[in-house]
Structures are given as structure tokens and as C-alpha cells.
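Single-structure report; data block below.
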Amino acid sequence: MPSLVVIDYGSQYTRLITRRLRELQVFSVIETPDVTPERLRELDARGVVLSGGPQSVYADGAPQLPAGLLDTDLPVLAICYGMQLLARALGGEVEASPVREYGKAVLAEYGGALFEGVEGEFVAWMSHGDSVKVPPPGFEVTARTGDTPIAAMEDRARARFGLQFHPEVRHTPKGLQVLERFVEATGVPRDWTAAHIVDDAVASVRERVGDERVLLGISGGVDSTTLGLLLHRAIGERLVPVFVDTGLLRLGEGDEVERALRGLGVPLVRVDAAERFLSALRGIEDPEAKRKAIGRTFIDVFAAEARRLQAGGTIRFLAQGTLYPDVIESAGGHGAANIKSHHNVGGLPEDLGFELLEPFRTLFKDEVREVAEALGLAPHLRDRHPFPGPGLAIRVLGEVTPERLEVLQRVDDLFVSALREFDLYRDTWQALAVLTPIRSVGVMGDNRTYAHTVALRAVTSVDGMTADWARLPHEFLATVSSRIVNTVSEVNRVVYDVTSKPPGTIEWE
Ligand code: XMP
């Protein structure tokens, strides 16, 4: 598929460049600086973006331009470090600077191909030490700031562009327009739409799977549910979707997922394993030990089910909802080139002999949501908050017992339903209730109570790596608190968590 390839020089924004290009409906992937010309051809690269990076081009071992890149006529957009590399390689001069320029700058003047159609004040986000002092022959300076005389340069005839600032970040509000001009200059097709992603994935699944069968574990989350829909479209009843109900999901969620998938024609094999999970968790208080017990039990249950199903005819593939960020991360944050699939297929015993199928390997989370929409998954299921694999077990602090789990399910349901009712669900990235081991004294009517304390937590975030506590309206919190205390008799106190991440984490365990 025609693509734009982003070369990762270690900038924290590399992934963002890829995201922005995909927002412009261009298929874009990340590669390392040692990407070969053959690999670029294989990727059908129609242009290359060089990312920023923390190094100086003069430093020992500083990463270089991809071999042979300048011998091709591929359009190049070189950002920050990339611009300095490009300038140096083409005979310009780069000035090493001991101080970093960091923050917003206003372009004093701008023009040239990348700024066509851009009007008014241009605020640019700068984060660099070195800068280009003399542009290479054939290049024209197209923007400057008070501090940076060469903030942008271009060789229009060869479609090579340099930007000292970062067009990919939101702090450069008109940056997307600049990226769009580059996309236009490359002529790469802009057809990376949900419908296209689905068609493409369906075609490649069909080709790889042939007449074989595929096993899929469905957790109840958005990714695996969407994957189920996609695989069903691709191979119909040769998909064997297994839903292991751990009993640790939200109230009624297992039924809801099953109904939704059946409603869309996907027949689920549902394994009710709640008893097994609860017995594996008995007596365990340590959070990590709980996670391990759940992981082990999941694999045992799933492997047993897989064996049973294998007996009814060989299943060759196991599908997994691996996403592009996982792929990038497992490559150590440096490009996604030629990453091997995990040997340990989903943690399952080797003797099951599955081959791994990962149709979402090139997708970001929000693209999965678009795919879900294209495949007809109902909005309230599609837009659900992230939910951890170990489920509510890590929100019942200490030992998980059936009674405590049930209390938490009811509290959680009141909280999340109220968020939807008050139209606050989408304003939060994740919301959860925690059942604490604290009991405190209260008064209900004429009676003294001595019951549980629950904590409510709602956060805003982009990717869960950092988060801030959501400023939910006091009136809303008051309503939820009284609903909980009035309907869940085991609880007499509700607190709201006002800790950001860091230093807190989102989950309490
Ligand atoms: P923390 O608590 O680390 O959570 O701030 C960040 C995000 O990860 C989720 N999370 C998990 N997801 N298995 C998962 O699949 C886990 O063991 C796990 N622990 C935390 C959490 O819900 C949040 O979205």
C-alpha cells in the first residue's frame, strides 16, 4: 500500500507524526534510520519524513540518513534533527549550539510550498539545540523567527523540505496544514479511511488464512470485539470466537458483549469460568500475585477450550488484537521494522502449535474504533473506556471474594451509568470505582452503620501514560454519592480520588 515512511531519530513526537499523517488519511509507518532502499520499495514509500531527535548531528555515533535516500527522488520532509542531517548531507552548514531553544516562537515571515494557503500569525513549537546556519545549494529559506534565521527551507524542484519547528504537535496550531502541503507534494493517495482499512484487512486475512480456521479470544473489550467482527466478515464461520467470562467484568457486560456480537451474526463460544477465577484468587492479597493468578488461569481455561475445539477439527491460527503502539514498543521504541511475532503465542503452550494472526498490527487505538464503527458496533460499546485485563479484581483491594466483587459491581455500575446519564462519560478517559478495605462509622436514619468506603476515580488522559483527575461537577458527585449509599447497603462512605498520574497510577492496585 502506498505509504509515507517516518524515520525515527528518537524524538518523543515520532509517533505523533505518524498519527497526524493518518489523520490526513495517508498510510504511514515508522522505520529506523538503517532502513534499506529495498525496504522502502517494499513499503511502497512515496515520501519520507525525518523525525526530530535528541542528538547533535556532530555527536559521535549520531544516527545518519537512510543509506541511498538522497539518490532517490523521494520527497523528503525533514523536521528539526532531520533538517540538520539533511542540510549537512547536502552541503549546508549546521551550527552547534550549547543552549536549547524550547517553546513557542512566532514566524516573522513565511512562504514557499509548505505554507501555501496558510494565513495569519504562525505559532511554531521549537525544541532544538543545533540549527542550520547556511542552507545547502539549491535551497531557499522559507521561514524565520527572531532567534532562528532559518526556521524552514526548501528545494521545491526536488521536493525536499526542512522545518526547524515541530508541525506535528498541537502547540503548532497550523502545523497540520503544513503537513498536508507535504502530503500533496508527494502525491501519495489519501485513502486511509476506515472502509479502506477494513477492506485491506479482510483481503489480507483471507489470503493468509485460506481455508483454515482461526481461534480468537474475546475479552469483552473494544479491540477483541472489533477483531471478532472483522474476522467474521473475512472468513465467516471459520472463525471460532471464544469468550472467557472471568466473572471479573462490569455488571452485565459479558451478556452485553455476547448479545452485541450475536446480533451482528458472530456466534460466540462462551466459557463461564467465574468460579475458577474466584478460586484462583482465594486468599491472595498482593496486587501482582492477583494479576499472575488471573493470567495463569486465563491461559489454562483458554488452552483447555482450544484443545477441546481442536478436537473438532484443526485450528491453525490464533488471532490477537495487537496494536501498532505495542509493535513499536516491542521494538524498543526504535522503529517498527521487521519485528518478529512473539514466540510465545498469547502465552499459550507451544504444543498447541498456533500461528499468530494480528490484523490490527498497523492500527492505532482510535483507528480500531473507526473500524468498529464501519463494522456496525453500537456506539456505546465502541466508545467504552479502557478496561484492564484483570478486570475488577484489581479494584477490590486485598482479597477478592464473591461478596466484595458483587458490591463493587453495583457501585461501579451506579457510577458509570450516572456518567452516561449526565453526559460526562466522553469527557473522561477512564472512570472506575474501588472497594477499599476501610470501614467507617456512619449514621442512616436512627441507626449507626459500620460499613465499607468506596473510592471513585475518573481521569482525563490521552494514552493512560499520564493522567489528571477529572474535575467532575460537585453536583454530579453529590448525586452519585447518595445513590451509592442509598442503594448499596454495604457502603456508607464515598470518596473521590484527586491524585494525578504521576505520582499516582490510574488503578489503585
Ligand atoms: P495504571 O494503573 O498503571 O494504568 O496507571 C494505566 C492503564 O492500564 C490499565 N491497566 C491494565 N491493563 N492489565 C491490563 O490489561 C493490567 O494488569 C493493567 N493494569 C492497569 C489501566 O486500567 C489504565 O487504563
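Computed FRET efficiency, Cβ-Cβ of Asp413 and Arg439, R0 30 Å: what is it to the nearest 0.05?
The calculated FRET efficiency here is 0.90.
So how do 483-489, 22-28, 223-229 stack up, highest first, on mean other-Cβ count within 10 Å?
223-229, 22-28, 483-489
Averaged across orientations, what area in nm² does the convex hull of the alpha carbons in segment 348-397 project?
Its average projected convex-hull area is 5.8 nm².
Tell me what the chain gives for mean residue ellipticity at 222 nm when only DSSP H runs of n ≥ 4 count, each as -39,500 (n - 2.57), the sum divided by the residue total, rounded to 500 deg cm²/dmol. Intermediate values should be presented prior to the final figure.
Working: 14 runs with 166 residues, N = 509.
Computed mean residue ellipticity for the chain: -10000 deg cm²/dmol.
Lysine pairs, Cα distance under 29 Å, 8 or more residues apart or cross-chain: how many in the chain?
Lysine pairs meeting both conditions in the chain amount to 12.
Cα axis of helix 474-487 to longest principal axis of the chain: angle in degrees, 0 to 90, nearest 10?
The angle comes out at about 30 degrees.
What do the square roots of 5 times the Cα gyration tensor eigenvalues come to for the chain, in whole Å, largest first, as semi-axes of the equivalent ellipsoid?
Equivalent ellipsoid of the chain: 47, 30, 19 Å, largest first.
For segment 1-107, which whole-number percentage of the solvent-accessible area (1.4 Å probe, protein heavy atoms only) is attributable to carbon and sulfur atoms?
C and S atoms contribute 48 percent here.
Quick one: accessible area per residue over the chain, 1.4 Å probe, rounded to a whole number of Å²?
Accessible area per residue: 44 Å².
Accessible area of Ile328, 1.4 Å probe, to the nearest 10 Å²?
So the heavy atoms of Ile328 present about 10 Å² to solvent.
What residues have an amide H closer than 5 Å to that of Arg270, excluding those fewer than 5 places away on the same chain, when H is modeled at 1.01 Å from N in the peptide plane?
Under 5 Å from the amide H of Arg270 lie the amide H atoms of Phe243, each far enough along the sequence or on another chain.
Helix 402-421 against the longest principal axis of the chain: what's the angle in degrees, Cα atoms only, rounded to the nearest 10?
Long axis of 402-421 versus the principal axis of the chain: about 50 degrees.
Can you compute the equivalent ellipsoid semi-axes for segment 98-244, i.e. the square root of 5 times each eigenvalue of the Cα gyration tensor, sorted largest first and rounded to whole Å?
Values: eigenvalues 442, 67, 35 Å².
Largest first, segment 98-244 gives 47, 18, 13 Å.
Which angle from 0 to 90°, rounded to the nearest 10, does the C-alpha axis of helix 287-311 make with the longest principal axis of the chain?
90
Provide the solvent-accessible area of Tyr81, counting protein heavy atoms only and rolling a 1.4 Å probe, rounded to the nearest 10 Å².
0
The values are calculated or read from the model by the stated rules, or taken from the named source; none is laboratory data. None of these values were measured; they are calculated from a predicted model. Every residue, glycine as well, gets a Cβ built from its backbone with ideal geometry; the counts of neighbours run over all protein chains shown. What goes into the accessible areas is simple: the full protein's heavy atoms, side chains included, and nothing from ligands, DNA or RNA. Shrake-Rupley method; radii C 1.70, N 1.55, O 1.52, S 1.80 Å.
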